[in-house]
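The structure appears right after this line, and notes come after that.
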Amino acid sequence: MATTTPNQTAQPGEQTGGTEIKPLLNLAGKVIAITGANRGIGLGVAECCLLNGAAKVYSIDLAEPGEEFAAASKAFPGRLGSQTANVSDESSISAAIDKIIEEAGAIHGVVANAGRTNHKAALDFTKEEVEALFNVNLFGAFYTARVAARAFIKLGIKGSVVFTASMASYRPNKRVPSAPYGASKAGVRNMAHTLAMEWAKYGIRVNSVSPGLVNTAMTYWVPQQPDWEQQLKYYGGMPRLAEVQELGGAYVYLLSDAASYTTSIDIPVNGVIGIC
């Protein structure tokens, strides 16, 4: 419970109880790495980080950067970089983070965002399809977080890890169920709480963001459904998909010093759509 004492309000940058308070919501001087940021949600988050003062943002992705990434790089000259890595291979992620530190001199935040989706009835999934989802969504997120934590500890930096979970981690979408996808994302959200507890002693914060339906290449088919307008009336809430940039504020907050006492939480960003 918060307590206050007259004339003892902390000012920006002031020491309070041995802790320097920096309530400004920006990423000035920070180096951020985001997995799966060559496009989609990851690239949108990268752009938001750069707009909020990040010194440099790196995408860690297995795919080659495309036109979207090139356009973002042009908009932020010299501030958006990329490294190639496979998130399901911990040594690959570790090598990418090492290269980022070698080039930028530090790393302050890591977003474990890389993921894949596959929606079909549970009885129709093949073993290979289930394993593919878990390898990227859950195991890849764990490896990314662990590599980040080791880097923060080695550098003596009180870093931030942010996972991209999903509203599917709370409850299924009746229209497009996916038991393996939802389970993998629920694992991510739970893992954030456990890692936050384990790594608090190092000053490392661990949180997650749960997007709802977002306008990306993976969801192009959603508004094309013949009864989409009817679905929107059924769901209620904001009658549209989210744009990737609309998620960025949650990530920026969790990566910033303004969230210095925020750990082990999940922020749903869903406009109410896709929660039933």
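The values are calculated or read from the model by the stated rules, or taken from the named source; none is laboratory data. Since we're looking at a predicted model, the values are computed, not measured. All Cβ positions, even for glycine, are placed from backbone atoms using ideal geometry, and neighbour counts span all protein chains on display. Each accessible area value is taken on the protein alone, full model and side chains, heavy atoms only, with ligands, DNA and RNA left out. Shrake-Rupley method; radii C 1.70, N 1.55, O 1.52, S 1.80 Å.
Quick notes on this one:
- Estimated vicinal HN-Hα couplings, Hz - segment 72-77 in sequence order (Karplus 6.51, -1.76, 1.60; Gly, Pro = x): 5, 4, 5, 6, 10, x
- Cα-only Debye scattering, segment 139-203: base-10 log of I(q)/I(0) at q = 0.15, 0.18, 0.22, 0.27 Å⁻¹: -0.52, -0.67, -0.87, -1.13
- Square roots of 5 times each gyration tensor eigenvalue, C-alpha, segment 115-172, largest first, Å: 31, 13, 6
- Highest GNM mean-square fluctuation among ILE101, ILE32, ILE41, for the chain modelled with Cα contacts below 10 Å: ILE101.
- Compared with the direct C-alpha span, the chain from ASP227 to TYR202 gains 4.0 nm at full extension, assuming 0.36 nm per residue.
- Ratio Rg/Rh [Cα only; Rh per Kirkwood] for segment 86-148: 1.12
- For segment 111-128, Karplus couplings with θ = phi - 60° (6.51, -1.76, 1.60), whole Hz, Gly/Pro x: 10, 8, 10, 3, x, 9, 9, 7, 10, 6, 5, 4, 6, 9, 5, 8, 4, 5
- For segment 109-243, lysine pairs with C-alpha atoms less than 28 angstrom apart, excluding pairs fewer than eight positions apart on the same chain, total 12.
- Backbone HN-Hα couplings from phi across segment 241-253 [Karplus 6.51/-1.76/1.60, Hz, Gly and Pro as x]: 7, 7, 8, 4, 5, 6, 7, x, x, 5, 5, 4, 4
- Amide H partners (placed H, <5 Å) of SER82, local residues excluded: SER59
- Surface composition of segment 23-95: carbon and sulfur make up 54 percent of the accessible area, probe 1.4 Å.
- For segment 13-114, the mean projected area of the C-alpha convex hull, equal to one quarter of the hull surface, is 7.2 nm².
- Surface analysis of the chain yields an accessible area of 50 Å² per residue, using protein heavy atoms and a 1.4 Å probe.
- Net charge of neighbours whose Cβ lies under 13 Å from the Cβ of PRO180, counting Lys and Arg as +1 and Asp and Glu as -1: 0
- Residues whose amide H falls under 5 Å from that of VAL269, counting only those 5 or more places apart or on a different chain, are SER210, GLY212, with hydrogens built in the peptide plane.
- Largest first, the residues PHE125, PHE142 sort by 1.4 Å accessible area into PHE142, PHE125.
- Computed over protein heavy atoms with a 1.4 Å probe, the carbon and sulfur contribution to the accessible area of segment 144-258 reaches 56%.
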